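Remarks on the structure that follows.
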Amino acid sequence: MKTLKVEFVEFIPELLSEGILYISMKYKTARHKCACGCGNIVIMPITPTDWQLKYNGKGVTFSPSIGNWNFDCRSHYWIIGNEIRWSNKWDQMQIDRNRETDKQNKKNYFEENKSKGKRWSWRQLLAFFNAILICFATLSWLMV
């Protein structure tokens with residue numbers, strides 16, 4: 001069974017190393033190279049409507065599974081206690097059904113929270129704009 005080394009970082013590095021799962025709690029995202037070895041970068045937003053992260057002091061677990069349906073490899077696996085656990089391949093009908101369910105779940109979540117009148121705190125706004133500035137700085141650096 002393949003095990004990922006976990007690195008908690010503030011900023012995800014531009015070049016990712018094979019076998020390392022980078023997690024930025026500040027920016028609520030995780031990235032790693034696809035577990036199949038194809039080299040594609042897997043980006044996992046850590047949000048109530050995307051992936052949830054559990055950390056027990058020894059290892060991390062993500063839920064739900066990672067389905068790389070847009071990659072040629074179409075790999076499908078779980079990360080449980082830092083280990084890659086392969087899951088069944090999905091056909092196009094299963095993928096489409098899952099995408100529709102995800103879309104509906106996101107819509108329901110945001111409609112529920114909108115009706116609660118939730119607003120962003122100043123800290124959340126600052127983090128959001130800081131992330132945008134970092135993206136622009138990275139893009140301008142890459143264009144040089």
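What follows draws every value from the coordinates through simple rules; no lab data is involved. The model shown is predicted, which means the values in this text are computed figures rather than measured ones. Every residue, glycine among them, receives a Cβ derived from its backbone with ideal geometry; neighbour counts consider all protein chains shown.
Dividing the summed helix terms, -39500 (n - 2.57) for each DSSP H run of n ≥ 4, by the number of residues in the chain produces a 222 nm estimate of -11000 deg cm²/dmol to the nearest 500. Residue ranges 36-42, 106-112 sort as 36-42, 106-112 when ordered by packing (mean number of other C-beta atoms within 10 Å per residue, highest first). Peptides 124-130, 6-12 ordered by packing proxy, namely the average of other Cβ atoms within 10 Å per residue, highest first: 6-12, 124-130.
Measuring nothing but how far apart in sequence close Cα pairs (under 8 Å, 6+ apart) lie, relative to its length, region 5-143 scores a relative contact order of 13 percent. Using the alpha-carbon positions of the chain, Rg (one decimal) and Dmax (whole number) come out as 16.7, 46 Å. Amide H contacts of residue 6 (H built 1.01 Å from N, in plane; Pro and chain starts excluded): 21 sit under 5 Å, all sequence-distant by 5 or more or on other chains. FRET efficiency for the pair residue 69 and residue 28, taken as 1/(1 + (r/R0)^6) with r the Cβ-Cβ distance and R0 = 25 Å, rounds to 0.65.
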